[in-house]
Structure formats: C-alpha cells, structure tokens
Amino acid sequence: THDRHLAVVRRRWSEATRKGNDIAPGFPDVVNPERKQMGENSFEFFCRTYYPRTFRWPWSNDQRTAIDLIETVVIDGGLFAYALPRGSGKTSLAECAVQWATLYGFRKFPLLIGSNQTAADISLNSIKSEMENNDLLLEDFPEVCYPVRKLERIAQKQRSQHYGGQFTHIGWSGEKIVFASIPGSVCSGAAIGCVGLTAGFLGMRIKRADGESVRPDLVIPDDPQTPESALQPGQIKKRESLIVGGLLGLAGPGVKIAALMPGTVWAPGDLMERFLDPNLHPEWQGQRRKMIYSFPKNEELWDKYATIRKDSFRAGNKGKECTPYYVANREAMDAGAEVAWLSRFSEDEASALQHAMNLRIDRGIAEFDTQYQNDPPKNTIGDEEILTADQIANKLNGLARRRVPMACDKVVVHIDIQGKILYWLALAVGHGFTSAVIDYGTFPDQRRNYFTLADAKRTLAKEFPGAEELGQIYAGLDKLTDELFSRRWIKEDNAELRTDLVLVDAAWGKSTLTVYKFCRENKHGAAVVAAIGRGITAAMAPFDQYVRKEGETIGDHWMMPSTKGKQTSRHVIVDTNHYKSFVQARLRVAMGDKSCLSLFGRDPGEHRMLADHVTSEYGTKTTGRGRELVEWR
C-alpha cells in the first residue's frame, strides 16, 4: 500500500543518512605514536611540539617553573597561583594546559575561567581553532580532531554524527567542547569549558554517553581580574568569594578540585596579590615573577639612552639611534643586570635587557613595575602612603560598640541616601578632632557584616510598601533619626552623651527637595541638617577665598549658604576632596596621639565592609591656582 511504501522509503532514507553521518569508515590511525607518548610524559614537549607557532622562543627559567607547576597540578592536584610579566604566555599556557589534561585523559572536565565572558570566548575560540586546523594534533589525536573536522563547521551535524553506528555525542557549543565518544579513547566524552568568572558557572557538569555525570575536576582562573576590578574593593571581594566559595566547590561534596591561577598584580592588595599572600591564602602556593630581577648599575648611560630614544621618536625616527648607542656601550650598560627571559627582544633590539628597558622608558616606571614586575607602586599622596583596607580595619581602640572614648564629648551622625537603603555612621569627636567611629549600619538593618547595595535584602520598599520611592526615603529618614536621637551613648566613665547633630545627604538623585522638606519638618529641629558634598578641585577657588554674602557661614572647608528667598532648607556644603584626605591623615595618626581616628571593637573582620568603602577611591595630587591638593576618584 501507499503507507507501507512511505515507511520503506523513510527507513531507507534514515539508514542512508545514518551511514552518511558515520565517521568510522576512513577513520585515521595515529601517525606518530612515539611523539604522542613523549607529549604525555612532558607538558613542555607537548607545547613546543604541537604548538610551534605559539611557542617560538626558548623558554625562560620562570616559564619552565610555570610549566612544571601546570604539570604537577594537572596530574597530582593542588592549588597554585603564579604571577608572570605581561607577554609571558600565561594565557597560551593555560589554553594548552586544558588541552593536554583532556587529550591524555588526566582530567575529564577542566574549566578555563576568563576575567570576563569576552576573555573566556576568546580562549574557547582559540582552542577550537587548534582542534579544527592544527594538522599535528590531527595526526596524533585523530580520536578528537577527526570528528571535529567531520563537522565541517556545521553545528547541526553534531546531533547526527555516528561512529560505528553509535552517536558520538560530540559537543561544539558557545561555552564548552565535548569530545566525541570513541571506543578505546582515553579522552572519550571528555570536555573543556570556558566561562567568565562573573558568569554563571555554578552547577556546571556534563552527562556522558554512558550516563556518568561529570563535574569540573580542574579549574584555571586565567588572569581572574581586570585592571578596573583590581581597583575596586567590592569587585575584589566578590571575585575572591567566587573563587574560594564557587570554583573550588565545583567538583562536588568531599572532592578536592585542582586549580591553577596565572595572573598579573595590577594594584596593591588586589585579587592576585591576595592569593599570592601566604598569610591570607596559605592553601594556595604562590609565586611572583619579574621581567628584570636586577637593574643595570650604570644609570648615567641609561639616562642618556632614554634621552636619545625620546628625542628620536619626537623627530620621527622611531628610535633608530638607540641600538647603535646600546651596542657601542653594551658592556657598561649591561653591568649588574639580570633579566628573566633572555630570548625576549625584537629584531631591532640587541638584547632582552634593551627590550625591557625600552618598555620601562616608553611605558613609564609605574606602568612597567605593574605589568612587567608584578610590583605596582603603592597608592601614595606625596610621601604619604594611602592606607589599605586591612590597615583601616585594624585601627581598633578595643572599646565596645556605642562606647565613647574619654577624649570625645560630641556625637555626630551622617546619613547617606542610596535609594534602596540608608547608610549611616556615628562619630564621637573631641578636641583637636581626636575621634572614634562608635557605630554604623543601614536602615533597614541588613543583619550582615558584608553586603553590597545590589544584594541588599531588606529595603525601604519592603519597609514601607504603601509609599513611592521619595515617600519611602522620607519615612526612612523619619524613623532612623528618631532612633538615633533616642540613643544614649555611654562614655568610658559612664557619662551619657546624646546625638548632637545629624547630617543628611541631599545630593542623591531626585531626593534633594525631599531631604530639604524633611530637614524643615522633622521633630528634632536644627539638629538635623541637609548636607551636599562638592569635590573642590585645584582649578576651583576654595571656600576660604569666597566673598561671604549676607546670611552665609563659611567654615573650615565647608559653608552654609543663605536660604533667604530660596525653596531650600538650611544646609551645609562640604569640600569632599579635602575631607577624604583629612580622614586618611587622621587614620594614619598612631593610637593614643592627639587627632587619632579609630574604630570600635577588637575584631578587624567586623569592619571589612567599612574599610572597603573608605578605600574604594584613589587620590591624585593636582596643582592649580597656586595651590596643591588631592582629588579623589
């Protein structure tokens, strides 16, 4: 019948399609088993042999050390962090490491983690390109590369590909590669994943053709931070938590995962430096490498060389005069120098030292020390070093929360509006600005020591569900100020202090008029004042140079404008650039000295979030209008 005929046609068509998608006929043998075996025994040999265009120059000792670390971690496990100079092949080695680990069956599912998804995508495409185009890999690893090539870059073919009548289950997606299931292959069904550190990697696993569920067994956070995130304490904390609490738990309960972390130290106390610090992360074995281990002694000749180089570029000669000068004086200019990678220099340069010094001259000392020495300059203002979050969190006076030091006799509070929640901090102040942070928190209270605005769980909207945003802010200020003014702050001698003044941020978004309205109408009267921060730059006139108008008050880097005839309330404008530097200076004062600023308690961990807030900006010394100051960003 017609239906029977159609069934026969479909069956024959299905059989023909299956046979057409079967890659078993003509499946190639390994061309050089001995070469393949040598690659299994040596990761260095594997890299040099199968990726000759990537690793063209002889290795440096530091690169060999990194290669040995990779080999150890892939085979035996462990946690290693190592910082290499920029351009040392960190990412290339990481990409080769996940391929070596899977091709030889050392690992079933390594995960290469990029600083962001873009970096991860670049690495995945690089690995895919090698498997599609590297003829040496095809010769010795046909069980992996031949099924890939048979896809012919047509993604739909992965669903129907067969080997000997069985599906290969090959995977060729946007975040991972799953090797074809080939009988007898040590890497049958293995996978390589590439995701960004801040992307959704939790819960990653693959289901093999035999039904086994495989979780990542090796993770490589490759350069796990960006130059921007390295300067943001919140980002550092978040990425650190993702690595410690997320990546290291991917293998599943009770299973230790192996991890490698190559990277660059971008800033003091950044993510990479924290993992290199044995006091902070003793479980990670950290190593820090440099481009130059010992600088040349003859500074005079190198200073002259730098002048020649800069003059040459200004004249449009692109530094052509540099190498002849260096060659003529090489013995004296090389004296005392020790360079890590002797083969690293360009065709127009005579040595690795000249190449390194060219980078130092062209990029500047600070940039060179950061990118090539893994020793970024400390954040300083003049001769003063900007305090780190750890230093701030450890500036403790040992007093209980809400306890006021004997040297203080006033309590002031500032409330910062951030839309979803209100941040506040209470400061006890005495003569000469000897002061102490005696309490701080949020409204509504988050009931956690560390959080970000983005993950705040208890919000004004939940506290006042019937009000719109500005109404929520008004109600929150009303409830919080009532609470603050009802408190009794107890001094060390048990004397009681009350809250003297509350300043309320009036510069957040569209809330300015709401804050002015609250400050006019609140039940505590003149003790509640609106405050606006203004960063007075070197190009601007400071408040003490203003010509005071009727009704204005001008103080020490602050002023209260006249409100006569204006729809505002009494408010103060504060020079934030001045007072951020002022706070840094007070925090540097030793405990017990006049003008010291300290924090309550004995546990530095309790103040980690506050310390991160204080260090979330950096200062730059600027000059203008005949004066010098620090601008904070």
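In sequence order, the stretch 34-49 has phi-based couplings of 5, 4, 4, 5, 5, x, 5, 7, 8, 5, 4, 5, 4, 5, 5, 7 Hz under the Karplus curve 6.51 cos²θ - 1.76 cosθ + 1.60, θ = phi - 60°, and Gly or Pro positions carry x.
Determine the percent antiparallel among the DSSP beta bridges restricted to the chain, to the nearest 5. Mind showing how you got there, number by number?
Details: 42 of 81 bridges.
About 50 percent, rounded to the nearest 5.
From the square roots a ≥ b ≥ c of the eigenvalues of the alpha-carbon gyration tensor of the stretch 388-543, which class results: rounded (a/c under 1.5), prolate (a/b over b/c), or oblate? It would help to have the intermediate numbers written out before the result.
On the way: a/c = 1.43, a/b = 1.31, b/c = 1.09.
Rounded is the answer for the stretch 388-543, as its axis ratio a/c remains below 1.5.
Principal-axis analysis of the Cα atoms of the chain puts helix 117-133 at an angle of about 10° to the longest axis.
Roughly how many debye, to the nearest 20, is the charge dipole of the stretch 153-281 about its Cα centre, given +1 on each Lys and Arg Cβ, -1 on each Asp and Glu Cβ, and no other charges? Don't skip to the end; give the middle numbers.
Working: 13 positive and 11 negative charges, 124 e Å.
Computed charge dipole of the stretch 153-281: roughly 600 debye.
Around the amide H of Thr434, modelled in the peptide plane, lie the amide H atoms of Ser595, all under 5 Å away and 5 or more residues distant in sequence or on another chain.
Considering only the other residues whose Cβ falls under 15 Å of the Cβ of Phe295, what net charge follows from Lys and Arg at +1 and Asp and Glu at -1?
Net charge around Phe295: -4.
Three principal axis extents of the chain based on alpha-carbon atoms, in descending order, are 96, 87, 47 Å.
Under a model in which nothing but the beta-carbon of Lys, Arg (+1) and Asp, Glu (-1) is charged, the stretch 64-184 shows a dipole of about 340 debye around its Cα centre.
Counting Lys and Arg as +1 and Asp and Glu as -1, each charge on the Cβ, what is the dipole of the chain about the Cα centre in debye, to the nearest 20? Can you show the working numbers first?
Working: 83 positive and 80 negative charges, 386 e Å.
Dipole magnitude for the chain comes out near 1860 debye.
Between the Cα long axis of helix 469-486 and the first principal axis of the chain there is an angle of about 60°, rounded to the nearest 10. Ranking Ala120, Trp266, Met333 by Cα position along the charge dipole of the chain, where only Lys, Arg, Asp and Glu carry charges on their C-beta atoms, puts Ala120 farthest toward the positive end.
Within the accessible area of the stretch 434-587, what % is carbon and sulfur when the probe is 1.4 Å and the other protein chains stay in place?
Numbers: 4110 of 7860 Å².
Roughly 52 percent of what the probe reaches on the stretch 434-587 is carbon or sulfur.
Taking a straight Cα-Cα cut-off under 29 Å and skipping sequence neighbours fewer than 8 places away in the same chain, the lysines within cross-link reach of Lys378 are Lys90, Lys237, Lys238, Lys290, Lys297, Lys304, Lys310, Lys395, Lys580, Lys594, Lys621. The candidates Ile236, Ile122, Ile415, arranged from most to least accessible area with a 1.4 Å probe in the full protein assembly, appear as Ile122, Ile236, Ile415. The chymotrypsin sites (Phe, Trp or Tyr not before Pro) of the stretch 491-573 that meet both conditions, a loop assignment by DSSP and at most 14 other Cβ atoms within 10 Å of the site Cβ, are Tyr546.
Across the stretch 473-523, the convex hull enclosing all Cα atoms gives 80 Å³ per residue. For the stretch 432-470, the list of trypsin sites (Lys or Arg not before Pro) that fall in a loop by DSSP and count at most 15 other C-beta atoms within 10 angstrom reads Arg447, Arg448, Lys457. Think of the chain as having a plus end and a minus end, set by charges on the Cβ of Lys, Arg, Asp and Glu; of Phe141, Gly234, Pro224, Gly234 sits farthest toward the positive end of this dipole. Look at the dipole of the chain built from charges on Cβ: of Leu513, Ala101, Val583, the Cα furthest out on the positive end belongs to Leu513. In the chain, the longest principal axis of the Cα atoms and the axis of helix 299-314 are about 80 degrees apart.
The values are calculated or read from the model by the stated rules, or taken from the named source; none is laboratory data. Owing to the predicted nature of the structure, the values given are computational and were not obtained by experimental measurement. Glycine also receives a Cβ, built like all others from the backbone with ideal geometry; neighbour counts cover every protein chain displayed. The area values use the complete protein model at the heavy-atom level, side chains included, leaving out ligands, DNA and RNA. Shrake-Rupley method; radii C 1.70, N 1.55, O 1.52, S 1.80 Å.
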